[in-house]
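What follows draws every value from the coordinates through simple rules; no lab data is involved. Everything numeric here is computed off the predicted structure, so don't read it as measured data. Because the Cβ atoms are built from the backbone with ideal geometry, glycine has one as well, and the counts that use them run over all protein chains shown.
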Amino acid sequence: MILVTGGAGFIGGNFVLDWLAQSDEPVINVDKLTYAGNTDTLKSLAQNPAHVFVRADIGDREVLGKLLAEHRPRAVINFAAESHVDRSITGPGEFIQTNVVGTFNLLEAVRAYWTDLPADDKAAFRFLHVSTDEVYGTLSATDAPFAETNRYEPNSPYSASKAASDHLVRAWHHTYGLPVLTTNCSNNYGPYHFPEKLIPLVILNALAGKPLPIYGDGQQIRDWLYVKDHCSAIRRVLQDGRLGETYNVGGWNEKANLDVVNTICSILDEIKPRADGAAYASQITYVQDRPGHDRRYAIDARKLERELGWKPAETFETGIRKTVQWYLDNQDWVGNVTSGAYRDWVAQQYGA
Ligand code: NAD
Ligand code: DAU
């Protein structure tokens with residue numbers, strides 16, 4: 001079996017669902033259930049004995065040690081993190097705690113377990129750490145996309161904490177021989193995305209007749225990756241990635257934020273027109289920029305293609321249409337996540 005951390009979050013949840021749709025290899029899903037964790041995402045697995053959910057913190061070495069000893073996974077995939085840049089600006093402490101200290105404790109629990117494995121199991125074991133392209137900092141319009149050899153130049157408390165976690169993972173390989181793999185991916189989007197992030201926020205605000213907040217001039221560029229493509233990349237790296245290597249994962253879909261928002265508005269105009277006939281784009285509202293806002297991210301994903309034959313299946317145009325439709329079709333999930341704590345965050349971040 002495999003052990004996944006953060007499997008009640010956006011990417012981890014999609015990963016667990018996709019894994020169990022394609023394989024009968026069981027998953028131990030360890031998640032603290034912070035505001036971003038949502039067991040509704042995993043509802044369809046309620047009767048599936050191959051899914052074992054455990055509420056725990058990756059920083060709790062004792063609990064992790066017990067879980068590892070009891071279930072004896074052949075791999076650990078670490079998705080658990082504080083993941084929202086804006087929250088890291090208003091409150092960086094949790095990011096250091098989970099992303100740095102938590103990853104350290106997880107690595108130590110895994111190292112203790114792995115050290116005592118029989119030789120064959122020890123050789124086959126993998127620790128896959130899921131990280132971000134934000135560790136590389138920001139690009140100008142003419143810079144080449146981020147390659148695995150780029151310097152780490154994180155600019156936000158979030159990206160600095162993820163960079164620190166990547167360094168710990170690397171060091172545990174070089175010093176202790178822990179068989180690690182690291183993936184650094186670009187902006188994901190798709191089903192079960194918590195609506196504090198740009199794409200789900202815009203879809204839900206549009207439908208609710210609320211402002212669509214654009215930070216600064218809206219010309220910041222992100223490289224969008226459909227979440228299921230990210231999950232397939234992780235499965236590929238887990239299977240055949242070279243130990244100690246990092247792999248960049250991207251969608252080859254660079255888009256300016258304003259273009260992303262306009263695309264969502266046009267799709268909604270087509271499939272769910274406003275009752276008053278006005279265009280959803282009329283709800284676009286420019287708001288104060290994010291402090292230290294990175295201008296452009298872009299991923300060079302050629303290493304993953306060259307070495308492991310992985311390519312994304314979705315273009316932005318196909319993926320965003322599926323995503324908008326998913327939010328229209330899953331209003332129950334949306335209703336549950338947009339409860340009290342979410343409303344408090346929106347009030348704090350965007351004011352009245
Ligand atoms: P998310 O915020 O949606 O989910 C994070 C999950 O981790 C939640 O279920 C939460 O309850 C859990 N968690 C948080 N702290 C924990 C702790 N101390 N112990 C156990 N569980 C804990 O995040 P996501 O968007 O799914 O991101 C998953 C991973 O991918 C993160 O490591 C993130 O840095 C990375 N990443 C995300 C993106 C993206 O676009 N979303 C892009 C690149 C990399
Ligand atoms: O690049 C990978 C990263 O992508 C991940 O590591 C992070 O976990 C993930 O949250 C994401 O970070 P971003 O900051 O790029 O994503 P977010 O959806 O918060 O913002 C996307 C862009 O849209 C960014 O330039 C900020 C802008 N934005 C965001 C919000 C929430 C707005 O203009 N308005 C908004 O209200």
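For the stretch 266-352, report the % of Cα-Cα distances exceeding 14 Å. Across the stretch 266-352, Cα pairs with separations above 14 Å total 81 percent.
Using the Cβ-Cβ distance between MET1 and THR175 with R0 = 30 Å, the FRET efficiency computed as 1/(1 + (r/R0)^6) comes to roughly 0.65.
Compute the relative contact order of the chain as a whole-number percentage, counting only Cα pairs closer than 8 Å that sit 6 or more residues apart in sequence. Over the chain, the number comes to 17 percent.
Expressed as a fraction of 2.2 N^0.38 Å, the C-alpha radius of gyration for the stretch 119-205 is 1.36. Temperature 25 °C, viscosity 0.890 mPa s: under these conditions the Stokes-Einstein estimate for the stretch 179-222, based on its Kirkwood radius over C-alpha pairs, is 194 µm² per second.
Reducing the stretch 72-119 and the stretch 328-348 to their Cα centroids gives an inter-centroid distance of 27 Å.
If the chain linking LYS210 and ASP40 were pulled fully straight, counting 0.36 nm for each residue of separation and taking away their Cα-Cα distance, it would gain 58.7 nm. Remark: the Cα gyration tensor places the stretch 245-305 in the oblate category, a/c being 1.5 or greater and a/b not exceeding b/c.
Its residues counted as N, the chain yields a C-alpha radius of gyration over 2.2 N^0.38 Å of 0.97. Length gained on full extension, GLN47 to ARG111: 19.8 nm, using 0.36 nm per residue less the C-alpha separation.
D for the stretch 145-265, whole µm²/s, Stokes-Einstein with Kirkwood Rh over alpha-carbon pairs at 4 °C and 1.567 mPa s: what number? The calculation lands on 79 µm²/s.
Only residues of the stretch 252-270 count here: report those whose backbone N is under 14 Å from the spot 7 Å along Cα→Cβ of GLN219, or say none. It comes to 256-259, nothing else. The convex hull built on the alpha-carbon positions of the stretch 1-73 has an orientation-averaged projected area of 4.4 nm². Projected onto planes of every orientation and averaged, the convex hull of the alpha-carbon atoms in the stretch 25-179 covers 10.9 nm². Across the stretch 153-198, the fraction of Cα-Cα pairs farther apart than 15 Å, rounded to a whole number, is 60%. A Gaussian network model of the chain, with springs between Cα atoms under 10 Å, assigns the largest mean-square fluctuation among ALA80, ALA21, ALA163 to ALA21.
Within the same chain, lysines fewer than 8 places from LYS66 are excluded, and of the rest, those with a Cα less than 23 Å from its Cα are LYS32, LYS122. Close amide H pairs (under 5 Å, H built 1.01 Å from N) link TYR247 with THR182, THR183, ASN184, residues at least 5 positions away or on another chain.
Across the alpha-carbon set of the stretch 88-157, the Rg to Rh ratio works out to 1.12, Rh being the Kirkwood radius. Express in nm, to one decimal, how much length is gained between ASP121 and THR149 on full extension, taking 0.36 nm for each residue of separation and deducting their alpha carbon distance. Length gained between ASP121 and THR149: 7.0 nm. The relative contact order of the stretch 89-164 comes to 42 percent, based on Cα pairs under 8 Å that sit 6 or more residues apart. A Förster radius of 41 Å, combined with the Cβ-Cβ distance separating GLU305 from ARG55, puts the computed FRET efficiency at roughly 0.65.
Using a Gaussian network model of the chain in which every pair of alpha carbons under 10 angstrom is joined by a spring, one finds that among VAL169, VAL324, VAL63 the greatest mean-square fluctuation is at VAL63. Straight-line cross-link partners of LYS272 among the lysines, defined as a Cα under 18 Å from its Cα and at least 8 positions apart when in the same chain: LYS210, LYS322. By DSSP, the beta bridges lying fully in the stretch 194-352 are antiparallel in about 40 percent of cases. Largest GNM mean-square fluctuation across GLY277, GLY216, GLY241, computed for the chain with C-alpha springs under 10 Å, falls on GLY277. Neighbours of TRP172 by Cβ distance under 9 Å: Lys/Arg scored +1, Asp/Glu scored -1, total +1.
For VAL227, what charge total do you get from the other residues with a beta carbon under 11 Å from its beta carbon, if Lys and Arg give +1 and Asp and Glu give -1? Within the 11 Å Cβ shell, the charges total -1. Take every DSSP beta bridge whose two residues both sit in the chain, then give the antiparallel share in percent to the nearest 5. In the chain, approximately 10 percent of DSSP beta bridges are antiparallel ones. Applying 1/(1 + (r/R0)^6) with r as the Cβ-Cβ distance of GLN331 and ASP259 and R0 = 25 angstrom yields a FRET efficiency of 0.40. Calculated from the alpha-carbon coordinates, the stretch 177-327 shows an Rg and a Dmax of 17.2, 63 Å respectively.
For the pair ASP276 and VAL346, label points projected 7 Å from Cα toward Cβ lie 1.8 nm apart. In order along the stretch 116-122, the Karplus-derived 3J(HN,Hα) couplings, from 6.51 cos²θ - 1.76 cosθ + 1.60 at θ = phi - 60°, round to 8, 6, x, 3, 5, 5, 5 Hz, and Gly and Pro are given as x. For PHE53, nonlocal amide neighbours, meaning residues 5 or more places apart or on other chains whose placed amide H falls under 5 Å from its own, are ASN29. Amide H contacts for ARG126 (H built 1.01 Å from N in the peptide plane; partners 5 or more residues away or on another chain; cut-off under 5 Å): ALA75, VAL76. Counting only other residues whose beta carbon sits under 12 Å from that of ALA56, what net charge do I get with K and R as +1, D and E as -1? Taking every Cβ under 12 Å from that of ALA56, the sum is 0. Gap in Å between the Cα centre of the stretch 142-166 and the Cα centre of the stretch 2-41? For the stretch 2-41 versus the stretch 142-166, the Cα centre distance is 26 Å. Our summary gives the stretch 168-327 a relative contact order of 34 percent, counting only alpha carbon pairs under 8 angstrom and 6 or more residues apart.
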